[in-house]
1. Restricting attention to the range 159-185, which residues are touching a Lys or Arg at 6+ places or on another chain (Cβ under 9 Å) and part of a helix (DSSP H, G or I)?
2. What about L116, is it exposed (fewer than 13 other Cβ atoms within 10 Å of the Cβ), over 25 Å from A80 (Cα atoms) and modelled with pLDDT of 95 or more?
3. Taking the range 24-40, which residues are hydrophobic (A, V, I, L, M, F, W, C), modelled with pLDDT of 95 or more and in contact with a Lys or Arg (Cβ under 9 Å, 6 or more places away or on another chain)?
4. Give the residues of the range 32-59 that are surrounded by fewer than 16 Cβ atoms within 10 Å (Cβ to Cβ) and in contact with a helix residue (DSSP H, G or I) (Cβ under 9 Å, 6 or more places away or on another chain), sorted by residue number.
5. For residues in the range 123-144 being under 15 Å from L90 (Cα atoms) and aliphatic (A, V, I, L, M), which is surrounded by the fewest Cβ atoms within 10 Å (Cβ to Cβ)?
6. Considering only the range 62-74, I want to know if a residue exists there that is of a type in the set (D, E, K, R), over 30 Å from L141 (Cβ atoms) and surrounded by 12 or more Cβ atoms within 10 Å (Cβ to Cβ).
7. Answer yes if at least one residue in the range 106-116 is within 25 Å of I77 (Cβ to Cβ) and touching a residue at least 60 places away in the same chain (Cβ under 8 Å), and no otherwise.
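The values are calculated or read from the model by the stated rules, or taken from the named source; none is laboratory data. Quick caveat: nothing in here was measured; it's all calculated off a predicted structure. Cβ placement follows ideal geometry from the backbone for every residue including glycine, while neighbour counts extend to all protein chains displayed.
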Amino acid sequence: MDDRAARLRHDRRLQIVEAAKQVFAEMGYHNASISEIIARAGIARGTFYLYFPNKRNAFDAILTDALGELTRRVRVISLAPEAPPPRRQLHTSLVDVLTYVLEDRPLTQLLLNHGLTPDAEASERVEAFFSHVRSMIESSLHHGIQMGLIRPCPCPLVAAALFGSIRGSVRYMLQLEHPDVPELADELISFALEGVVKPDRWSGGYSTSAHGGPVTKQVR
């Protein structure tokens, strides 16, 4: 297959995926139909089946493409002498991720509202997608610990907490008319790295767990 034919095939597949994404986001997986997808894409029914045997495969393609895009936008932090400070590198990656999910509203709506669908299979597939994202965060935490950038911690628990805060933050950002993504990303990083307390007011009365984190406090 020559480059032009491959490009045309790629573009047609993307056209179908984008149409399916809109239909799933608006109607939910259960109520979405192939007829509605092909009508939204402006293609013949046979063209749809050239790329996907059923709507489940189109739904899977949406999630697979999204996971690949998120993976591409997350960069490994470098401690090379010429590299920017770690926080700046993290900020750049987070801005890229948030920009992607905020600009692709149908995808974000599909992911955030998946629990409303009566179709258990679709819900399980979205949960599997979220599990992959949590695994990415967990892997980043392990890497950060090895690099000496993050304190030792129970990575699965912390990854789940960070994922939950990001998902909630994205839901909040979608309500903003003109979200300032760099500013919001900076605040999320501050929350993850520093929390919300003033350290000098909370420094007394802590004991330390085996992981190096505080487990008790006595506020005076």
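1. Let us first name the residues in the range 159-185 that are touching a Lys or Arg at 6+ places or on another chain (Cβ under 9 Å), namely 159-160, 162-163, 174.
A159, A160, L162, F163 - these are the residues of the range 159-185 that are touching a Lys or Arg at 6+ places or on another chain (Cβ under 9 Å) and part of a helix (DSSP H, G or I).
2. On the way: exposed (fewer than 13 other Cβ atoms within 10 Å of the Cβ): yes; over 25 Å from A80 (Cα atoms): yes; modelled with pLDDT of 95 or more: no.
For L116, the condition - exposed (fewer than 13 other Cβ atoms within 10 Å of the Cβ), over 25 Å from A80 (Cα atoms) and modelled with pLDDT of 95 or more - is not met.
3. Within the range 24-40, the first condition is being hydrophobic (A, V, I, L, M, F, W, C), and the residues that meet it are 24-25, 27, 32, 34, 37-39.
Add one more test, that the residue is modelled with pLDDT of 95 or more, and what stays is 34, 37-39.
I34, I37, I38, listed by residue number.
4. Start the filter on the range 32-59 by keeping residues that are surrounded by fewer than 16 Cβ atoms within 10 Å (Cβ to Cβ), which leaves 33, 35, 39, 42, 44-47, 49-50, 53-54, 56-57.
Once the filter is applied, which keeps residues that are surrounded by fewer than 16 Cβ atoms within 10 Å (Cβ to Cβ) and in contact with a helix residue (DSSP H, G or I) (Cβ under 9 Å, 6 or more places away or on another chain), the range 32-59 yields S33, S35, A39, G42, A44, R45, T47, Y49, L50, N54, R56, N57.
5. Checked the range 123-144; the qualifying residue surrounded by the fewest Cβ atoms within 10 Å (Cβ to Cβ) is M136.
6. Narrowing the range 62-74 to residues of a type in the set (D, E, K, R): 65, 69, 72-73.
When the remaining residues are screened for being over 30 Å from L141 (Cβ atoms), the result is none.
Looking through the range 62-74, none of the residues is of a type in the set (D, E, K, R), over 30 Å from L141 (Cβ atoms) and surrounded by 12 or more Cβ atoms within 10 Å (Cβ to Cβ).
7. First pass over the range 106-116, keeping only residues within 25 Å of I77 (Cβ to Cβ): none.
Checked against the condition, which is being within 25 Å of I77 (Cβ to Cβ) and touching a residue at least 60 places away in the same chain (Cβ under 8 Å), the range 106-116 yields no hits at all.
To keep it simple, each residue is scored yes or no on (1) over 18 Å from R125 (Cα atoms); (2) among the aliphatic types (A, V, I, L, M); (3) outside any helix (DSSP H, G or I).
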position: R4; (1), (2), (3): yes, no, no
position: R7; (1), (2), (3): yes, no, no
position: H10; (1), (2), (3): yes, no, no
position: A19; (1), (2), (3): yes, yes, no
position: Q22; (1), (2), (3): no, no, no
position: H30; (1), (2), (3): no, no, no
position: I37; (1), (2), (3): yes, yes, no
position: Y49; (1), (2), (3): yes, no, no
